Amino acid sequence: MKKSSKDYQRLGKGGHWMIRLSLSVVFFLSGLFKAIDPKGTSYKIAEYLTSFHCYQLADNEMLMLGTSLCLCLVEFVLGVYILLGIRRRLASWLCLILSTGFALLSLYVWIFNPVSDCGCFGDAVVLTNTQTFLKGVFLLTLAGMYFRYWNKTESLLSDGSHWIVSLFSMCFIFLFGMLSAFYLPMVDFRPYKVGVNILQAMEIPHDAEAPVYESSFILSKDGKEKRFSLENYPDSTWTFVRAENKLIKRGYEPLVKDFSVSDTLGNDLTDRILTEKNLFLLVSSDFSHADDAHIDEINEIVDYCHSKGYEFAALTASSGEDISKWQKYTGANYPIYISDEVVLKTMVRSNPGLMLLEKGTVMAKWSCNNLPMPEEDTDILSLHQDTRTSFLQLLKIILCYVIPLLFIIFVTNLQRTNKTNLNNSKMRKKIVAGNWKMNKNLQEGVALAKELTEVVKNPNCGVVICTPFIHLASVAEVIKGSAIELGAENCADKASGAYTGEVSAEMVKSTGAQYVILGHSERRQYYNETPEILKEKVQLALANGLKVIFCIGETLEEREANKQNEVVKAELAGSVYNLTAEEFKNIVIAYEPIWAIGTGKTATAEQAEEIHAYIRSTIAEVYGQAVADDTTILYGGSCKASNAPELFAKPDIDGGLIGGASLKAPDFKGIIDAWK
Ligand code: PGA
């Protein structure tokens, strides 16, 4: 057994599921939280770029917003892919690349402290830089494990619904992100959310825990520097160089730390602003970048406020020159005060945005794209805003995604089940394959092939003839252009080299053959082909572009001991269940009870159907129902024109592997015609 599959067994299905769930939840939520506040994410990206001295890029607001939306989309969709098992290989690569990138970034953040929090989950979950680094390492470990065992991830969806689920998820998150950027975040995780009293949020209780710092002192002697603490402070032969304070434990931090307002002369107006009744604040971090398409609406609101006796003022971090330009351009007849740029960007994610304060309590916020328009009979003050908890809002958004998603999955699966039920026998490829075994010399073989091309016209199933090696090239010429395909009866378990008498998969393929029979009971019995040898042969055949007709089946004793299910499952597990789902699509199974081969004894149609259905169920266990439904399972063992119709009528029997009866053209044709 390969080391990786041993490791996987140690990890177990449960362990794999835990990794899958953790990764999908992390990516899903971090994509969703970023999409709730794409502008916040764009500010964070700009912060990172500034720390890398990429000022021009960081200044390009549209580029930052576009990058932020792309990041939300990639993370969210990746979370969905990992959870549902869509595009598994792509998802595992993407997951590894993103996790590596995030881990490197978190290391940089941890060492150099360029940002105060990483912004991984927007403002919803704020991590310290150490926590960010630990998260980065943890995520990378999980991503590495997921990458290693990506092919063990079972898809929870039928193949047909993958694209529609992908498309829906992409459209949902992109539109949601766009709406959040155009209006305001639908869930506000920031300190200035509706309902918060800024004055109270700034208060520090008397008994608040103070931050704990550790002080150390760097002193030098004889040109060498050394670090000391207060406890081991050295004597005066040492010269003081510098002191360093390291934060050991954060103390109490108020929700709002840095709110302050002053007039253009520098007089502090914070208290006045926070005690004012009915105060409308036009918030613009930077007038020179403000959206000026709504100036008329803003002026209308200003007039309205003046007529009603409400206060109206603007808060900005713009330069004096930009303030004058704004006043001139918009005719602003309201006072303009100064505040911190980051605070203003945090207050309202719109430039400009509007905020209504009632004695320091945030009553409402509006984006410039959604300003409240004064109407005769409604007072703007009465336009209450949603103050439901963030959790409920978040739940609402998740349900807006999950409910239609479940509906889509339900409908596509229903359609597929109906189709499968109706067309079960039509969907999978039906095949009648001949196994000539060690019969016919070259001339006889070529003649038989020629005869078959004459009688087999427009068959209702795939027709394959598997011949001894020496016939392959000649028969390939004869059947060229006909409906018949060609296969070998065996190939070597080595790729090439000094293996006298052997024929490699590559050689078989070079004759023009498309199939190879592997694992036939005669080869297992007379040539001691073990599951390990067969596993190698299967790998080589697939690697050389051959499709494999893989034979399994029980002996009479095993059937009498009722061990047939156990036997076939072990044969499959021993040689082909290590393949990826993609590789497995090139496997045709041939169930051949050994007691029926060449003996004239056939399994009854019911017996065959029962074990075929069982085989399909084991495939479904390993690769999922969709792959199982697409796998062709042939019956072999004294199959003739007389019993073929009854056998082929069974839903899980998709054709036959025919020995004796494939050696005469009319007999073989009779079996092919059973598909009519
Ligand atoms: P049979 O052989 O049809 O002669 O029983 C089937 C096989 O061995 O593939």
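The values are calculated or read from the model by the stated rules, or taken from the named source; none is laboratory data. Note that this is a predicted model, so its numbers are computed, not measured. Note: ideal-geometry Cβ built from the backbone for every residue, glycine included; neighbour counts use all protein chains shown.
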**Report entry** Single condition Ile86 does not satisfy, out of (1) in contact (Cβ under 8 Å) with a residue 40 or more places away in the chain; (2) assigned to a helix (DSSP H, G or I); (3) surrounded by fewer than 24 Cβ atoms within 10 Å (Cβ to Cβ)
**Finding:** (2)
**Report entry** Residues of the stretch 101-117 that turn out to be within 12 Å of Ser51 (Cβ to Cβ), free of Cβ contacts under 8 Å to residues at least 40 places away in the same chain and surrounded by 15 or more Cβ atoms within 10 Å (Cβ to Cβ), as a count
**Finding:** 2
Query raised in the report: So which residues in the stretch 46-83 are part of a helix (DSSP H, G or I), more than 29 Å from Tyr146 (Cβ to Cβ) and not polar (S, T, N, Q)?
Result: Ala46, Glu47, Leu49, Tyr55, Leu57, Ala58, Asp59, Glu61, Met62, Leu63, Met64, Leu65
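Conditions tested, residue by residue: (1) small (Gly, Ala, Ser); (2) surrounded by fewer than 21 Cβ atoms within 10 Å (Cβ to Cβ); (3) not in a helix (DSSP H, G or I).
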position: Ala447; (1), (2), (3): yes, yes, no
position: Val463; (1), (2), (3): no, no, yes
position: Cys466; (1), (2), (3): no, no, yes
position: Leu472; (1), (2), (3): no, no, no
position: Val475; (1), (2), (3): no, no, no
position: Ser482; (1), (2), (3): yes, yes, yes
position: Glu485; (1), (2), (3): no, yes, yes
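This table checks each residue for (1) away from the ligand (no atom under 11 Å from the Cβ); (2) out of contact with any strand residue (DSSP E or B) (no Cβ under 7 Å at 6 or more places or on another chain).
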| residue | (1), (2) |
| --- | --- |
| Glu566 | yes, yes |
| Tyr577 | yes, yes |
| Glu582 | yes, yes |
| Asn586 | yes, no |
| Glu592 | no, no |
| Ala596 | no, yes |
| Gly600 | no, yes |
| Ala608 | yes, no |
Report summary line: Among residues of the stretch 567-577 being of a type outside the set (Val, Ile, Thr) and under 14 Å from Leu518 (Cβ atoms), the residue surrounded by the fewest Cβ atoms within 10 Å (Cβ to Cβ) is Gly574
**Report entry** Which numbered condition Asn129 misses (of (1) over 28 Å from Met186 (Cβ atoms); (2) out of contact with any helix residue (DSSP H, G or I) (no Cβ under 6 Å at 6 or more places or on another chain))
**Finding:** (2)
Query - First in the stretch 375-396 and more than 16 Å from Leu354 (Cβ to Cβ), second anywhere and surrounded by 10 or more Cβ atoms within 10 Å (Cβ to Cβ) and at pLDDT below 65, Cβ under 8 Å, 6 or more apart - result: Gln393/Asp386
Requested in this report: State which residue is modelled with the lowest pLDDT when the search covers only the stretch 239-297 and only residues that are buried (at least 17 other Cβ atoms within 10 Å of the Cβ) and touching a Pro at 6+ places or on another chain (Cβ under 7 Å).
Outcome: Val256
Query raised in the report: Does the stretch 644-665 hold any residues that are within 11 Å of the ligand (Cβ to nearest atom) and either in a loop (DSSP other than H, G, I, E, B) or among the polar types (S, T, N, Q) (or both), and which are they?
Result: Gly659, Ser662, Leu663
**Report entry** Subset of the stretch 129-144 (residues that are surrounded by 15 or more Cβ atoms within 10 Å (Cβ to Cβ) and of a type in the set (S, T, N, Q))
**Finding:** Asn129, Gln131, Thr132
Requested in this report: Name every residue in the stretch 582-611 that is over 20 Å from Glu646 (Cβ atoms) and polar (S, T, N, Q), in order of residue number.
Outcome: Asn586
Query raised in the report: Tell me, which residue of the stretch 626-642 that is farther than 23 Å from Gly600 by Cβ and among the charged types (D, E, K, R) is nearest to the ligand (Cβ to nearest atom)?
Result: Asp630
Requested in this report: Using the structure shown, decide if Thr618 is hydroxyl-bearing (Ser, Thr, Tyr) and away from the ligand (no atom under 16 Å from the Cβ).
Outcome: yes
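Conditions (1) free of Cβ contacts under 8 Å to residues at least 60 places away in the same chain; (2) hydrophobic (A, V, I, L, M, F, W, C), marked per residue:
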site	(1), (2)
Val187	no, yes
Pro191	no, no
Glu203	yes, no
Ser220	yes, no
Arg227	yes, no
Report summary line: Flagged pairs (Cβ under 8 angstrom, 6 or more apart or on separate chains; first in the stretch 650-666, closer than 18 Å to Ala613 by Cβ and β-branched (Val, Ile, Thr); second within 14 Å of the ligand (Cβ to nearest atom) and outside any strand (DSSP E or B)) are Ile653/Ala608; Ile653/Leu647
Query - Residues of the stretch 621-647 satisfying the condition of being surrounded by 22 or more Cβ atoms within 10 Å (Cβ to Cβ) and farther than 20 Å from Glu554 by Cβ - result: Tyr623, Ala644
Query raised in the report: Does any residue of the stretch 221-238 turn out to be modelled with pLDDT under 95, among the hydrophobic types (A, V, I, L, M, F, W, C) and under 28 Å from Pro372 (Cβ atoms)?
Result: no
Report task. Could you grab the pairs with beta carbons closer than 7 Å, sequence gap of 6+ or different chains, first residue in the stretch 551-568 and at positive phi and in contact (Cβ under 8 Å) with a residue 60 or more places away in the chain, second one buried (at least 19 other Cβ atoms within 10 Å of the Cβ) and not aliphatic (A, V, I, L, M)? Result -> Gly553/Ser521; Gly553/Tyr591; Gly553/Glu592; Gly553/Pro593
Query - Scope the stretch 623-643; condition in a helix (DSSP H, G or I) and closer than 16 Å to Tyr591 by Cβ; matching residues - result: Ala628
Requested in this report: Kindly list, by first and then second residue, each pair from a residue in the stretch 520-531 that is within 12 Å of the ligand (Cβ to nearest atom) to a residue that is charged (D, E, K, R), limited to pairs with Cβ atoms under 8 Å and residues at least 6 apart or on different chains.
Outcome: His520/Glu489; His520/Glu592; Ser521/Glu592; Glu522/Lys437; Arg523/Glu529
Query raised in the report: Is it the case that Lys135 is among the basic types (Lys, Arg), out of contact with any Asp or Glu (no Cβ under 8 Å at 6 or more places or on another chain) and under 25 Å from Tyr48 (Cβ atoms)?
Result: yes
Query - the stretch 637-649: number of residues that are closer than 16 Å to Glu610 by Cβ and touching a strand residue (DSSP E or B) at 6+ places or on another chain (Cβ under 7 Å) - result: 2
Query - Among residues of the stretch 535-560, those that are closer than 20 Å to Thr618 by Cβ, assigned to a helix (DSSP H, G or I) and within 16 Å of the ligand (Cβ to nearest atom), counted - result: 1
Requested in this report: Answer yes if at least one residue in the stretch 654-672 is surrounded by 22 or more Cβ atoms within 10 Å (Cβ to Cβ) and among the acidic types (Asp, Glu), and no otherwise.
Outcome: yes
Query raised in the report: In the stretch 390-419, which residue that is more than 20 Å from Gly177 (Cα to Cα) and among the polar types (S, T, N, Q) is modelled with the highest pLDDT?
Result: Thr412
